[in-house]
Structures are given as C-alpha cells and as structure tokens.
Amino acid sequence: MADSQKLSIDELRQRVNAISGQYDAHFAGQPRISRDPMLMEGMRDALASVVGALLDSKESPDRDSVLETAKHNLGLYEQEIKAITQAQSSGPDAVEAHRLATWVTLATRRYQRHFAGQSRATRDLGLLAELIGDLERLKEDISGLAAEFENAELLEGRQIVERSVTLYRAERVEIVAARSRSTLEEQVNLLAAVANEQFQMYQDHFAGKSRLSRRPDLLVRIITSLEEVQAQMRALGVLQPENASNQKNIGTVQGRLDFYRGEVEEVRKVRQTSSFDDLVAALGSAANQVFDEYRKSFAGADRASRELKQLNRMSDQLYEVAHQMDDLDRVRENDSNVANLAIVLDTLRLYEREYDEIRKVQVASTAP
C-alpha cells in the first residue's frame, strides 16, 4: 500500500470517505455496547495518518476542505472509542444482556412484518409456533443470566418476551377461528393460498441455494404446515366431494410433500458429512448473497419505489442465517462465526430500520 504522504489530495479524500463508509457500516446507529473498540481504534489510526499527510501537503482550498472533514471525523472517532469503552465497562454480562435483547427485538419485529395488520385467515401458523419457541428459549436464557446479573435492558427484554408469548398464543386461537368462519368454498381457496405461501417459502429459502447453508428445521416446518393443510383439504373433500379444485389441490400438495421430504433428507446428509468450518463458511457465503442483493436493490435507491415484500424476504433469509450462526455459537466458539454473526445482526437491524423508513415514505406518498 502506498504511504499516505505520497498520495494526492483526491486520493486522500477517497481515504477519508472510505473510512467514513466503514463508520457508517459498522457504528452509525448501532448500540455501542456491541461495538468493537479495536475496529474503531484502527479507523482512528488510519485517519490520523491521513490527517498527518494532509498537514504536510501544500495548502490549497481543496486540501483545507478535506482536512477539515478529516479532523472532524477524527474527533468523532476519539469520542466514540471512549463512549464504547464506557458502555462496555459493566462487563461481559452487560454485553450478553444486550445480545439477548437484540434477539428479542428481531423476533418481535418478524411478528410485526408477518402478522400485524394482515388478514388472520392467511397467516402462517408454523411461523407463529416457531416465534413462540424462539421467545421461550430466549426467556430461559434471560432468566439464567438474570439470576446473577440484572440491568434495564435485560428486564425490558424479559417483559417483552412475556407479553409477546401471551399475544402470539392468543393470535393463534384467533387465526384458527377466522378460518373456521369461512364458507366451504372460501376455505378451499384459503387453504390453496396457505399452501402457495409454503411453496413460495421453499422457493425463497431452498431453491437454488447451497444445501449446506439451509436449516433443516425450516423445511420440516414447511412440511408440517403442508401436512396440516392437506388434512384440512381432505376434510373439505368429504363435505364437498364435487369440488374439483380442492381435489386437484390435494394432489399438488402431495407432490410437493414427496419432494420436500426427500430434500430435507438431502440437506441433513450434506450437513452431517461436512465439517464445522465448512458450515461456518457456507453460512458466511449465504449472508454475503443477501448483502449483495441489498446493495443492488436498496442501497442509495429511492425509497418510494422500493418493494417492501422483497426486503421482507431478504430479512427472513438473513434471519435464517443468523439463527443457524447462533445455534453454532451455542455448540462451539469459533472466531469466524462470532465475527460473522455480529455483522449479520448489525445488518438485520439496518434492514429493520430501512423497512420502517420505506413504509413511512410510501404511506406518506399515498396519503390524500
């Protein structure tokens, strides 16, 4: 790499902007307690070198402008290092409390994206059951940590979990009731729609993807949901045997079930014959694919024209990767996996914020 003192003003400006981009990607809008102070220290040192080169260069309006920005950012990074160190001074228990609170937030955000304001009759009961299971596991983790350590973030996380689990269980009852209130003809169409959602989930999460990076339990969930749908279709067939659409739908579901059952065995086989490091690498690659799609479709784009459905899918895909990385972290500590998980969680928070911003812009654009 060329020495900073030999670079032109334009090249030094590019370095300042590159370091600023690192800050935006890894620190801006993120909770300090989860930040890496060593990364910030590296950015500060790199920027200090640029400032030194600028001070040694010939004075000019261009140089002074770049120097002013660099000095401002350098002061910001110094303050941020101190703030991060202070936030983390409570020790590793505070960092773990924040990690658990982050997972609570991500789980409840998933509920908001998939259930809030949606037609109950078409909602995914399998996803709802999984959210309840995830929150119950988090409740156990929070209770275990709270036995020795307590802070406001942990307390709030526990309260959110308790409220959410109660809400989600009640919502399941309401979804089942909403479906039962439909006419027989409506139920035929409704069950077809629910089955199509499961087919789409397979396309989003499995079709064309590396089997090694896929979560078998998600495919099992899809299979279970389709089995339940098929059982309801057959029950309708007894009540309405003349409905040709329903009979055709039963056959379609059976075909997919046969394929998915074979596929879940293939996914398990690949994972069982692969090393831990291979799995870590596959999950990192899967995350990068989602990052690439975001950069192409959302970064710097007009929010009014973005597709919330696409961002919803990408958030779910990244959540799946994070879920598996977290599962690995519970089994064995691996530096690469820990680093990758931190990046994925940061990105998930970014996607959730962007989802809200896009929705605000689009709601405002349609307001009378």
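The values are calculated or read from the model by the stated rules, or taken from the named source; none is laboratory data. Everything numeric here is computed off the predicted structure, so don't read it as measured data. Here the Cβ is made from the backbone with ideal geometry for all residues, glycine too, and neighbour counts use every protein chain on show. When the accessible area is computed, the model is the full protein with side chains, heavy atoms only, and any ligands, DNA or RNA have been set aside. Shrake-Rupley method; radii C 1.70, N 1.55, O 1.52, S 1.80 Å.
Hey, residue 28 hits all of (1) open to solvent by less than 40 Å² (accessible area, probe 1.4 Å); (2) in a helix (DSSP H, G or I); (3) at pLDDT below 90 but one; which does it fall short on?
With (1) open to solvent by less than 40 Å² (accessible area, probe 1.4 Å); (2) in a helix (DSSP H, G or I); (3) at pLDDT below 90 applied to residue 28, the lone miss is (2).
Evaluate the following for residue 87: is it modelled with pLDDT of 90 or more, open to solvent by less than 80 Å² (accessible area, probe 1.4 Å) and closer than 29 Å to residue 291 by Cβ?
Taking the combined requirement at face value, the residue does not satisfy it.
Exactly one of these conditions fails for residue 313: (1) at pLDDT 95 or above; (2) surrounded by fewer than 16 Cβ atoms within 10 Å (Cβ to Cβ). Give me its number.
Checking residue 313 against (1) at pLDDT 95 or above; (2) surrounded by fewer than 16 Cβ atoms within 10 Å (Cβ to Cβ), the one that fails is (2).
Report, ordered by the first and then the second residue, all pairs with beta carbons closer than 7 Å, sequence separation of six or more or different chains, a first member in the stretch 90-107 that is more than 12 Å from residue 141 (Cβ to Cβ) and touching a residue at least 12 places away in the same chain (Cβ under 8 Å), and a second member that is open to solvent by less than 10 Å² (accessible area, probe 1.4 Å) and aliphatic (A, V, I, L, M).
Listed by first residue and then by second, the contacts come to 106/348; 107/131; 107/135.
Between 276, 259, which is open to solvent by 20 Å² or more (accessible area, probe 1.4 Å), touching a Leu at 6+ places or on another chain (Cβ under 8 Å), over 24 Å from residue 107 (Cβ atoms) and aromatic (Phe, Trp, Tyr)?
From the options 276, 259, the qualifying one is 276.
Return the total of residues in the stretch 149-194 being among the polar types (S, T, N, Q), open to solvent by 30 Å² or more (accessible area, probe 1.4 Å) and in a helix (DSSP H, G or I).
Total satisfying the criteria: 5.
Hey, which of the helices (runs of 4 or more DSSP H) in the stretch 272-368, taking only ones fully inside, have at least 3 residues that are on the phi < 0 side of the Ramachandran plot, more than 11 Å from the chain's Cα centre (by Cα) and small (Gly, Ala, Ser)? Steps first, answer last, please.
Working: elements: 276-297, 308-331, 335-366.
Where helices (runs of 4 or more DSSP H) fall fully within the stretch 272-368 and carry at least 3 residues being on the phi < 0 side of the Ramachandran plot, more than 11 Å from the chain's Cα centre (by Cα) and small (Gly, Ala, Ser), they are 276-297, 335-366.
Kindly list the number of the only condition in (1) farther than 12 Å from residue 351 by Cβ; (2) touching a helix residue (DSSP H, G or I) at 6+ places or on another chain (Cβ under 8 Å); (3) surrounded by 15 or more Cβ atoms within 10 Å (Cβ to Cβ) that fails for residue 289.
(2)
Could you tell me whether any residue of the stretch 350-358 is over 23 Å from residue 274 (Cβ atoms), among the aromatic types (Phe, Trp, Tyr) and in contact with a helix residue (DSSP H, G or I) (Cβ under 6 Å, 6 or more places away or on another chain)? Lay out the reasoning, then the answer.
Just the residues of the stretch 350-358 that are over 23 Å from residue 274 (Cβ atoms), to begin with: 350-358.
Of the ones still in play, those that are also among the aromatic types (Phe, Trp, Tyr) are 351, 355.
Pick out the ones that are also in contact with a helix residue (DSSP H, G or I) (Cβ under 6 Å, 6 or more places away or on another chain) and you get 351, 355.
Yes, that holds for at least one residue.
Taking the stretch 172-210, which residues are under 23 Å from the mean Cα position of the chain (by Cα) and charged (D, E, K, R)?
197, 204, 209
So for the stretch 128-136 (the condition being open to solvent by 30 Å² or more (accessible area, probe 1.4 Å), among the acidic types (Asp, Glu) and farther than 25 Å from residue 219 by Cβ), does at least one residue qualify?
no
Would you call residue 254 open to solvent by 40 Å² or more (accessible area, probe 1.4 Å) and assigned to a helix (DSSP H, G or I)?
So residue 254 passes the test.
Among (1) under 30 Å from residue 38 (Cα atoms); (2) more than 18 Å from the chain's Cα centre (by Cα); (3) touching a residue at least 24 places away in the same chain (Cβ under 8 Å), where does residue 160 come up short?
Against the list (1) under 30 Å from residue 38 (Cα atoms); (2) more than 18 Å from the chain's Cα centre (by Cα); (3) touching a residue at least 24 places away in the same chain (Cβ under 8 Å), residue 160 comes up short only on (1).
For the stretch 322-368, which residues satisfy the criterion of being within 15 Å of residue 301 (Cβ to Cβ), out of contact with any Gly (no Cβ under 8 Å at 6 or more places or on another chain) and aliphatic (A, V, I, L, M)?
358, 361, listed by residue number.
Would you confirm whether or not the stretch 238-246 contains a residue that is more than 20 Å from residue 200 (Cα to Cα), at pLDDT below 95 and surrounded by 12 or more Cβ atoms within 10 Å (Cβ to Cβ)?
Narrowing the stretch 238-246 to residues more than 20 Å from residue 200 (Cα to Cα): 238-244.
Checking which are at pLDDT below 95 leaves us with 238-244.
Checking which are surrounded by 12 or more Cβ atoms within 10 Å (Cβ to Cβ) leaves us with 240, 243.
Yes, that holds for at least one residue.
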